[in-house]
Number of protein chains: 2
Amino acid sequence: MILAVDIGGTTCKLGLFDSSLKLVEKWQIPTDTSDEGGNILKDIHLSFTDKLSVHKLSFDDCTGAGIGVPGPVDFEAGTVNGAINLNWYGLKDIKKEFEEMSGVWTIVDNDANLATLGEQAFGAGQNKDDVVMFTLGTGVGGGVIVNNLLVHGAGGAAGEVGHIKVAVEEDLKCNCGGTGCLESVASSSGLKNMAAKYHREFVPSALDDKISSGSLDAKTIFEHAENGDSLSLYLVDKMSEYLGIGIGNIAATLNPSHIILGGGLSQAGEFLRSRILGKFRKYAFPPAVESTDIVFASLGNDAGIYGAAKIVSQYEK
Amino acid sequence: MILAVDIGGTTCKLGLFDSSLKLVEKWQIPTDTSDEGGNILKDIHLSFTDKLSVHKLSFDDCTGAGIGVPGPVDFEAGTVNGAINLNWYGLKDIKKEFEEMSGVWTIVDNDANLATLGEQAFGAGQNKDDVVMFTLGTGVGGGVIVNNLLVHGAGGAAGEVGHIKVAVEEDLKCNCGGTGCLESVASSSGLKNMAAKYHREFVPSALDDKISSGSLDAKTIFEHAENGDSLSLYLVDKMSEYLGIGIGNIAATLNPSHIILGGGLSQAGEFLRSRILGKFRKYAFPPAVESTDIVFASLGNDAGIYGAAKIVSQYEK
């Protein structure tokens, strides 16, 4: 059996997979962020102990555990350097801690990376060798898979596709401290950035009330865009343009077969995808256009545990 | 032994490597582009026949041949779809042709890819897992290595780093037919593009005569930049800015340990590198800055045969 974990700020998703990577059971437990998150791994261990015994199994029957963490992971070492949402500070040796508790060989990766791997192997990526995911939410996250393996890079910063610079001339502040990042224009905070910058050029707009009350959100922008509001359409088109350029840049560099769009903003569906696709075709290197599909993530919140199981199978001895 | 070939429009570089990838001998022969390049592979075969016999060896002593071709290669199939500089048109099955001639298992890749692999394995890349090369010449070529392997991508268009869009607002024409590509601003043709666009803002300039006579070249621009000519400095700074953004984008996506600069324009040396590095540090995602070195290619014209030998060792059964 393989143990799969996706630790989030509110819940931990857990999964039990057999050696052929078939999901046997999935469930979730609350994330206890008290005591600087010191109970999180213990709770996970306890929950697996219970669940394995229900299946008349023990940790001895498990070949590996994969754990996804919402923070910067050193993949080789199995450590994470802080995870704000978990109240974890400083360097934590997740691999060592969980191996000592369970006796099961453990591998640790960033949660966005494992969600990408899950989608690549079992979801929208159709198990193709070269796949890149963009998670469009409050920010823009993602992951990069090349030759069937997640890319971590020299300093573990690979897959930070939200921080490619596609909008330098917008000069809008990104959460990373820089300006011009994809995240600064193609996330919910990016859409709000752009609304603040451009709304005076489109008065009156259906967004005016929400802008002045400070309660604007991405869902409202997409709804009004579909209803033809000029400012909302302008913002969605701008976001699509920068995503098209960003995806085009990745296509010229890596030529992946699938670009997967996930995260809350991908709920905008075909209305958004068709616009991104149009801009991608406009901007991308022609030989890379034909071979690249832009698709939506299909595993939802389960992507992380699927990826956690998959990475165990790729690296276990 | 391993046979290594780098086919160019004027000469073919040939190399003989032992099984530990030590270069035994290298030499070159002219490229005969007559008869639609129909003699090229035959000449290479003949030259190897002669050279092997000098070493009292035959093709039976060879485990593989690696061939670099200046055109779009289907890496799985070992075919090339035209190569203008060789007078090759349509689909040519290089792998099959050379295997039938020599009886030696053959692998074929694009010449820029193999030069990148040569530099990664034996040159400036110090055999690190993740390395990206930019070849700054008439255009901008390159190659991408992730997890120690060249990336080809779904349609073979990976590594086309000259066609990432970093200069959309410049709106300058690229050789690919698009606009805004790195190549449209950071190659010798790109520098000429920008000189034509901006020279009126810097009159008089040391470049005026060469611009009006149509004989401007990159070397002249770098020489005058070093002497303080305002237009020349402006052009070099612009080129560096766009390269810094492009390298930053790749660092956020792949976080390679080494970015290798090659090609004729890299002769500008530290004068250029220091400017690119400054812009890279300004624009790149902070966690990726520390782990990425920007270095110059070190193997010159031999990079291709080193890469050809290396790729044989990676894929031979």
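A short reminder: the numbers here are calculations on the coordinates, not readings from a lab. Nothing here was measured: the structure is a model prediction, and the numbers come from that model. As a convention, Cβ positions derive from the backbone with ideal geometry for all residues, glycine included, and neighbour counts pool all protein chains shown.
So the values come out like this:
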{"read-out": "Percent of beta bridges antiparallel (DSSP, chain A, rounded to nearest 5)", "value": "60 percent"}
{"read-out": "Point-to-point label distance, B:A196-B:K42, nm (Cα→Cβ direction, 7 Å offset)", "value": "4.2 nm"}
{"read-out": "Antiparallel content of DSSP bridges confined to segment B:2-117, in %, to 5", "value": "65 percent"}
{"read-out": "Per residue Cα convex hull volume in Å³ - calculated over segment A:245-297", "value": "67 Å³"}
{"read-out": "222 nm mean residue ellipticity, helices alone, for chain A (DSSP H n ≥ 4; -39,500 (n - 2.57); rounded to 500)", "value": "-11500 deg cm²/dmol"}
{"read-out": "7 Å along Cα→Cβ, label-point gaps from B:S212 to other copies, nm, shortest first", "value": "6.0"}
{"read-out": "Whether segment A:65-143 is rounded, prolate or oblate, judged on the alpha carbon gyration tensor where a/c under 1.5 counts as rounded", "value": "oblate"}
{"read-out": "Per-residue mean of C-beta atoms belonging to partner chains within 10 Å, peptide A:253-260", "value": "6"}
{"read-out": "Fewest-first ranking of A:S184, A:S47, using other Cβ atoms within 10 Å as the exposure measure", "value": "A:S47, A:S184"}
{"read-out": "Charge dipole (debye, nearest 20) of the protein assembly as shown; +1 at Cβ of Lys and Arg, -1 at Cβ of Asp and Glu", "value": "540 debye"}
{"read-out": "Other-copy label distances relative to A:N148, 7 angstrom Cα-Cβ extension, nm", "value": "1.5"}
{"read-out": "Per-peptide average of other Cβ atoms within 10 Å, ordering A:123-134, A:86-97 highest first", "value": "A:123-134, A:86-97"}
{"read-out": "Inverse mean reciprocal Cα-Cα distance (Kirkwood Rh) of segment A:1-133, Å", "value": "15.1 Å"}
{"read-out": "Contact order normalised by residue count of chain B, Cα under 8 Å, 6+ apart, percent", "value": "19 percent"}
{"read-out": "Distances in nm from B:E169 to the matching label points in the other copies, shortest first (labels 7 Å along Cα to Cβ)", "value": "0.6"}
{"read-out": "Rounded to whole Hz, the Karplus (6.51, -1.76, 1.60) HN-Hα couplings of segment A:282-296, x for glycine and proline", "value": "5, 9, 7, 4, x, x, 8, 5, 4, 8, 10, 9, 9, 10, 8"}
{"read-out": "For segment B:113-155, radius of gyration divided by Kirkwood radius, i.e. Rg to Rh on alpha-carbons", "value": "0.98"}
{"read-out": "Rotational relation B to A, axis-closest Cβ in chain B, residue and distance rounded to whole Å", "value": "B:V146, 2"}
{"read-out": "Ordering of B:239-249, B:151-161, B:196-206 by packing [mean C-beta count within 10 Å, highest first]", "value": "B:239-249, B:151-161, B:196-206"}
{"read-out": "Long-range HN-HN contacts of B:L172 with modeled amide H, under 5 Å", "value": "B:G180"}
{"read-out": "Number of partner chain Cβ atoms within 10 Å, mean per residue of B:125-138", "value": "1"}
{"read-out": "Cα pair distances in the protein assembly as shown, grouped into 20 Å bins until the bin that holds the longest one, percent each", "value": "19, 47, 30, 5, 0"}
{"read-out": "Quotient of C-alpha Rg and 2.2 N^0.38 Å, computed over segment A:211-273", "value": "1.29"}
{"read-out": "For segment B:236-248, 3J(HN,Hα) per residue [Karplus equation, 6.51 cos²θ - 1.76 cosθ + 1.60, θ = phi - 60°, Hz, x = Gly/Pro]", "value": "5, 5, 4, 4, 5, 4, 5, 5, x, 5, x, 5, x"}
{"read-out": "Folded to 0 to 90 degrees: helix A:188-198 orientation relative to chain A principal axis, Cα", "value": "20 degrees"}
{"read-out": "Beta bridges by DSSP in segment B:127-298, antiparallel share as percent, to the nearest 5", "value": "55 percent"}
{"read-out": "B:F271-B:L23 FRET efficiency (beta carbon distance; Förster radius 25 Å; 0.05 resolution)", "value": "0.20"}
{"read-out": "Radius ratio Rg over Rh of segment A:126-298, counting only Cα atoms, Kirkwood formula for Rh", "value": "0.98"}
{"read-out": "Total charge dipole magnitude, segment A:126-298, about the Cα centre, Cβ charges on Lys, Arg, Asp, Glu only, Debye to nearest 20", "value": "140 debye"}
{"read-out": "Dimensions (Å) - chain B, Cα atoms, principal axes, largest first", "value": "65, 46, 33"}
{"read-out": "Averaged over B:175-181, number of beta-carbon atoms from partner chains that fall within 10 Å", "value": "3"}
